[in-house]
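Rule-based calculations on the coordinates, nothing more; no lab input. Since the structure is predicted, the reported quantities are computational estimates derived from the model, not experimental observations. Cβ placement follows ideal geometry from the backbone for every residue including glycine, while neighbour counts extend to all protein chains displayed.
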Amino acid sequence: MSHKVSVTVNGTAHTHEVEARLLLSDFLRHTLGLTGTHVGCEHGVCGACTILLDGLPVRSCLMFAPQVNGKAITTVEGLATDGTLSPLQEAFRDTHGLQCGYCTPGILTTMTAFLAETPNPSEEDIREALSGNLCRCTGYQHIVDAVTLAAERMAK
Amino acid sequence: MKPAPFRYVAATSIEEALALKAEHGDEAKFLAGGQSLVPAMNFRMAQPAVLIDLNGLNVLAYVKADGKTVRIGALTRYRTLQRNSTIAGQATLMAEALPEVAHPAIRNRGTLGGNLSHADPASELPAVVLALGGTLHARSKKGARTIAAKDFFAGVLTTALAAEELLTEIELPVLPARSGTSFIEVARRRGDYAMMGVACTVTLDANDACSDVRLAYCNAGETPVAAPRAAQALQGQRIDESTARAAAETAKSEIRPFGNVHASAAYQRHLAGVLTRRALLAAYGRARL
């Protein structure tokens with residue numbers, strides 16, 4: 001049995017018929033072709049597939065596509081505006097906040113929501129907010145630097 | 001790593017959800033936040049034939065208080081609880097435990113009712129609800145009943161809920177004046193399940209002696225585990241290093257940790273002793289404020 005999903009992703013409305021068991025992460029990647037959302041562990045641990053659902057970070061591997069009917073989603077593809085990187089993305093580039101880039105989409109979506117809620121974060125706040133996203137390259141220091149820099153620039 | 005096929009129904013009322021569960025029993029699962037169920041389905045450890053999605057039932061997401069109890073709708077998400085002033089003021093033990101539950105992205109979806117129904121003995125909130133002596137409200141097509149927290153947790157991932165029942169509300173008594181609480185855990189990494197955790201409440205009489213103490217532990221056995229002997233022994237006593245240490249020794253003998261890849265049972269017991277002493281002293285200090 002298929003289910004109709006009407007969902008707004010990065011400002012664009014989409015309607016598709018999907019199987020109930022289709023994970024939201026696979027819906028984004030395979031049905032919509034938005035491969036910026038990465039899939040790591042598929043059980044909610046690594047954070048690579050994190051997207052913003054109605055503005056809040058959630059694991060797209062832990063939801064089924066029919067569950068987002070009527071919702072609004074932002075993926076990493078939706079963070080830049082008209083080809084201009086967001087302040088957070090810009091700061092990641094400037095401080096080398098990524099190496100292989102696999103974890104980056106999930107970290108960018110998670111920390112975009114974090115900075116919106118916490119405009120003047122301490123390093124401890126940043127590390128706490130990052131705790132649900134695994135990165136195997138950077139040792140996290142450059143990610144913390146990037147988020148700190150983005151917060152400073154956004155405050156100006 | 002993909003779930004097996006299932007029939008999906010987004011419930012539009014509690015009655016519809018209960019009717020479906022009555023029809024399909026153990027073949028059906030309720031889907032709340034999905035932060036434990038969906039991983040189990042992705043691993044195919046769980047293969048429900050029918051998935052009854054509760055997420056549209058806003059009527060099950062609330063926090064209400066009348067001065068004596070705090071009543072929490074089962075679909076209330078951790079994120080909401082963490083930012084709720086009633087929880088912060090009248091259910092301080094829960095407020096202290098919530099930041100220890102997984103990570104922000106998980107707390108944005110996970111629900112209190114889902115957590116308790118999943119009944120993972122390593123989870124924080126079952127120990128909190130047990131320590132507070134909460135009452136769990138369940139409904140089925142046939143009617144409603146209440147279950148005391150001490151009777152709710154039946155084993156690893158097992159509760160007293162019948163196949164056709166849904167946990168709808170969690171009722172927590174508000175602690176009397178001159179009470180203090182403390183929740184402390186030790187985990188390998190931030191947001192991981194605790195190797196050991198303790199939930200503690202202390203209520204004092206006019207002479208600063210304990211009139212009521214509760215201790216409950218996570219990852220200390222097949223269910224959240226209380227330590228009634230340690231708590232009872234503090235009755236009528238003031239809590240200081242010496243009485244806290246004695247209670248901690250008793251509590252260590254009351255818990256039944258399994259040991260796991262992260263910590264042996266002996267180390268878990270050791271942690272329980274240290275955490276009990278610290279939690280008792282902290283809760284006592286807060287009760288005297």
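For chain B, what is the calculated [θ] at 222 nm in deg cm²/dmol (nearest 500), taking -39500 (n - 2.57) for each run of four or more DSSP H residues and dividing by its residue count?
Details: 12 runs with 101 residues, N = 289.
So the helix-based figure for chain B works out to -9500 deg cm²/dmol.
What do you get for trypsin sites (Lys or Arg not before Pro) in segment B:64-159 restricted to DSSP loop and a cutoff of at most 16 other Cβ within 10 Å of the site's Cβ?
B:LYS68, B:ARG83, B:LYS141, B:LYS142
Would you kindly derive the ³J(HN,Hα) couplings of segment B:268-285 from the backbone phi angles with the Karplus curve 6.51 cos²θ - 1.76 cosθ + 1.60 (θ = phi - 60°), listing them in order in whole Hz, with x for Gly and Pro?
Using θ = phi - 60°, the values come out as 4, 5, 4, 4, 4, x, 4, 5, 4, 4, 5, 5, 4, 5, 5, 5, 5, x Hz.
Once phi is turned into ³J(HN,Hα) by the Karplus curve 6.51 cos²θ - 1.76 cosθ + 1.60 with θ = phi - 60°, what whole-Hz value does each residue of segment A:96-105 show in order, with x for glycine and proline?
The phi angles translate into 6, x, 8, 10, 6, x, 5, 7, 4, x Hz.
From the phi angles alone, apply the Karplus equation (6.51, -1.76, 1.60; θ = phi - 60°) to segment B:39-48 and give each ³J(HN,Hα) in whole Hz, x where the residue is Gly or Pro.
With the stated coefficients, segment B:39-48 comes to x, 5, 6, 5, 7, 6, 6, 10, 9, x Hz.
How many nm separate the modelled label positions at A:ARG153 and A:HIS14, each set 7 Å beyond the Cα in the direction of the Cβ?
In this crude label model, A:ARG153 to A:HIS14 measures out at 2.8 nm.
Taking the 0 to 90 degree range and rounding to the nearest ten, how far is the long axis of helix A:141-155 tilted relative to the main principal axis of chain A, both from C-alpha atoms?
90
Give the residue from B:ASN42, B:LEU31, B:ALA19 lying farthest towards the positive end of the charge dipole for segment B:7-52; charges sit on Cβ (+1 for Lys and Arg, -1 for Asp and Glu) and the dipole is referred to the Cα centre.
Working it through, the farthest residue towards the positive pole turns out to be B:ASN42.
Answer with one residue from B:LEU204, B:LEU234, B:SER182: the one whose Cα lies farthest towards the positive end of the charge dipole of segment B:180-235, charges on Cβ with Lys, Arg +1 and Asp, Glu -1.
Among B:LEU204, B:LEU234, B:SER182, the one farthest towards the positive end of the dipole of segment B:180-235 is B:SER182.
Which value, to two decimals, describes the C-alpha radius of gyration of segment A:87-155 once divided by 2.2 N^0.38 Å? The partial results should precede the final answer.
Values: Rg = 10.5 Å, N = 69, 2.2 N^0.38 = 11.0 Å.
That works out to 0.95 for segment A:87-155.
One quarter of the convex hull surface, Cα atoms only: what value does that give for chain B in nm²? Present the calculation step by step, with values, prior to reporting the outcome.
On the way: hull surface 58.3 nm².
With the hull built on Cα positions only, its mean projection is 14.6 nm².
How about segment B:176-205: which trypsin sites (Lys or Arg not before Pro) there lie in a loop by DSSP and see at most 14 other Cβ atoms within 10 Å?
Passing both the DSSP loop test and the Cβ count: B:ARG188, B:ARG189, B:ARG190.
Taking every Cα atom in segment B:1-57, find the radius of gyration and the maximum pairwise distance Dmax, and write them in Å.
10.9, 33
Quantify how much of the Cα-Cα distance distribution of chain A extends past 21 Å, in percent.
Beyond 21 Å sits 43 percent of the P(r) for chain A.
Hey, got the dipole for segment A:87-155? About the Cα centre, +1 on K and R Cβ, -1 on D and E Cβ, debye to the nearest 20? Each step should come with its number before you reach the end.
Values: 4 positive and 9 negative charges, 59 e Å.
Its charge dipole is roughly 280 debye.
5 Å is the cut-off here: which amide hydrogens, built 1.01 Å from N in the peptide plane, fall below it relative to A:VAL9, excluding neighbours closer than 5 in sequence?
A:HIS14, A:ILE73
At 7 Å along the Cα-to-beta-carbon direction for both A:GLU77 and B:ALA162, put a label point, then send me their distance in nm to one decimal.
Taking the two extended label points, one gets 5.0 nm.
Under 5 Å between amide H atoms, partner at least 5 residues away or on a different chain: which partners does B:MET196 have, H built in plane at 1.01 Å?
Result for B:MET196 returns B:VAL186.
Can you give the Rg/Rh ratio of segment B:179-288, where Rg is from the C-alpha atoms and Rh is the Kirkwood radius? Don't jump to the answer; show the numbers that get you there.
Values: Rg = 13.4 Å, Rh = 13.6 Å.
Ratio of gyration radius to Kirkwood radius for segment B:179-288: 0.98.
In the Gaussian network model of chain A, springs joining C-alpha atoms below 10 Å, which of A:GLY83, A:GLY40, A:GLY70 carries the largest mean-square fluctuation?
Greatest mean-square fluctuation among the candidates belongs to A:GLY83.
Just flag the chymotrypsin sites (Phe, Trp or Tyr not before Pro) in segment B:1-102 sitting in loop per DSSP whose Cβ has no more than 15 other Cβ atoms within 10 Å. Kindly include the intermediate steps, with their values, before the conclusion.
On the way: sites: B:PHE6, B:TYR8, B:PHE30, B:PHE43, B:TYR62, B:TYR78; in loops: B:PHE6, B:PHE43, B:TYR62.
Listed in order of number, the matching sites are B:PHE43, B:TYR62.
Could you pull out every residue, at least 5 positions away or on a different chain, whose amide H is within less than 5 Å of the one on B:VAL174? Hs are placed 1.01 Å off N in the peptide plane, and Pro or chain starts have none.
For B:VAL174, whose amide H was placed from the backbone, the distant partners under 5 Å are B:THR69, B:VAL70.
Taking 0.36 nm per intervening residue step and subtracting the Cα-Cα distance, what contour gain separates B:GLN237 from B:ARG83 on full extension? Don't skip to the end; give the middle numbers.
Details: separation 154, 0.36 × 154 = 55.44 nm, distance 3.51 nm.
Gain on stretching B:GLN237 to B:ARG83: 51.9 nm.
Net charge near B:ALA28: determine it from the other residues with C-beta under 14 Å of the C-beta of B:ALA28, scoring Lys and Arg +1 and Asp and Glu -1.
Values: positive: B:ARG7, B:LYS21, B:LYS29, B:LYS141; negative: B:GLU16, B:GLU23, B:ASP26, B:GLU27, B:ASP53, B:GLU164, B:GLU165.
Taking every Cβ under 14 Å from that of B:ALA28, the sum is -3.
How much length is gained on full extension from B:ALA206 to B:TYR267, taking 0.36 nm per residue of separation minus their Cα-Cα distance?
Roughly 18.2 nm would be gained on extension.
How large is the dipole of chain A about the Cα centre if only Lys and Arg carry +1 and Asp and Glu carry -1, each at its Cβ, rounded to the nearest 20 debye?
Working: 10 positive and 16 negative charges, 66 e Å.
With Lys and Arg at +1 and Asp and Glu at -1, about 320 debye.
Explain nothing, just the number: dipole magnitude of chain B about its Cα centre with +1 on each Lys and Arg Cβ and -1 on each Asp and Glu Cβ, in debye rounded to the nearest 20.
500
If you look for lysine pairs in the protein assembly as shown that are eight or more places apart or on different chains, how many of them have Cα atoms under 26 Å apart?
The result is 22.
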